[in-house]
Amino acid sequence: EFFTADGVMLADGLQELSESWQAMIPRTGGGWLALGPSREEVLEVSPDFEPTLLAEINQRLVSDPERSLVAWVAPGQSGQTLTTYSTADSTLTHTWDLPATPSVEPVDCAGADSVVFQTVGRSGGTQSISLAHPDGTTRLLSREWVKAISANPRTGLIAVQTTAKPDASGCFGVVDPAAEIEQLERLAAWR
């Protein structure tokens, strides 16, 4: 699929749209998941292109490479909800309730129903990087990294920026969250 000024081009031709969606992700069994024009809503779209609001989000939607798992954060009055949604089976949705501040943004899917997310301060800088597990728990990975960039859902490895310089250069690396968690636990036990 790709978007045109008139709609979306599908394998069987152009489907005209009344509004300009930002993304369309096919769902197993028919229909799509779409990011609305404002990038502030996720829509379930039926095979006959009828949209239904699924969630109001913070303008960031991420998915695994196969587009079988999608993640977003929905802000609320008393908190934020991080959600993973299976495009193969919408009953396999997982949610994590998080505090209202600081702002949370999903980074990437890191495995079966797991997602890397980071908290962002008012100035836009990353405050912490964490991993949300399918059992409903979250685990802080680091407050030292500049930001998380992406993750590999097959290996669980996470690409991060480790340093930033005023000239916009920096250092980057790939980390294993399991090893990072083990190291943090050893440090906590040693203290």
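The values are calculated or read from the model by the stated rules, or taken from the named source; none is laboratory data. What you see is a predicted model; the values in this text were computed from it and never measured. Ideal geometry is used to build each Cβ from the backbone, glycine not excepted, and the neighbour counts take in all protein chains shown. Heavy atoms of the whole protein, side chains included, go into the accessibility calculation; ligands, DNA and RNA do not. Shrake-Rupley method; radii C 1.70, N 1.55, O 1.52, S 1.80 Å.
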Looking only at the range 12-21, count how many residues are in contact (Cβ under 8 Å) with a residue 24 or more places away in the chain and of a type outside the set (A, V, I, L, M, F, W, C). 1
Within the range 52-73, how many residues are closer than 15 Å to Glu19 by Cα and either touching a Gly at 6+ places or on another chain (Cβ under 8 Å) or of a type in the set (A, V, I, L, M, F, W, C) (or both)? 1
Would you call Asp89 on the phi > 0 side of the Ramachandran plot and among the acidic types (Asp, Glu)? no
Selected residue (criterion: modelled with the highest pLDDT) from residues of the range 12-71 that are among the aliphatic types (A, V, I, L, M) and farther than 24 Å from Gly111 by Cα: Leu53
Enumerated strands (runs of 3 or more DSSP E) restricted to the range 137-191, each holding at least 3 residues that are at pLDDT 80 or above and either out of contact with any Pro (no Cβ under 8 Å at 6 or more places or on another chain) or small (Gly, Ala, Ser) (or both): 147-151, 158-164, 170-175
Across the range 90-137, which residue is surrounded by the fewest Cβ atoms within 10 Å (Cβ to Cβ) among those that are within 13 Å of Ala71 (Cβ to Cβ), touching a residue at least 12 places away in the same chain (Cβ under 8 Å) and of a type in the set (Val, Ile, Thr)? Thr95
Please go through the range 156-171 and pick out each residue that is of a type outside the set (A, V, I, L, M, F, W, C) and surrounded by fewer than 12 Cβ atoms within 10 Å (Cβ to Cβ). Lys165, Pro166, Asp167, Ser169
Matching residues in the range 2-59 - criterion: being on the phi > 0 side of the Ramachandran plot, exposed (fewer than 13 other Cβ atoms within 10 Å of the Cβ) and either within 17 Å of the chain's Cα centre (by Cα) or not in a strand (DSSP E or B) (or both): Gly29, Gly30
Quick check on the range 75-89: of everything there that is small (Gly, Ala, Ser) and either within 24 Å of Val160 (Cα to Cα) or assigned to a loop (DSSP other than H, G, I, E, B) (or both), which residue is most open to solvent (accessible area, probe 1.4 Å)? Ser78
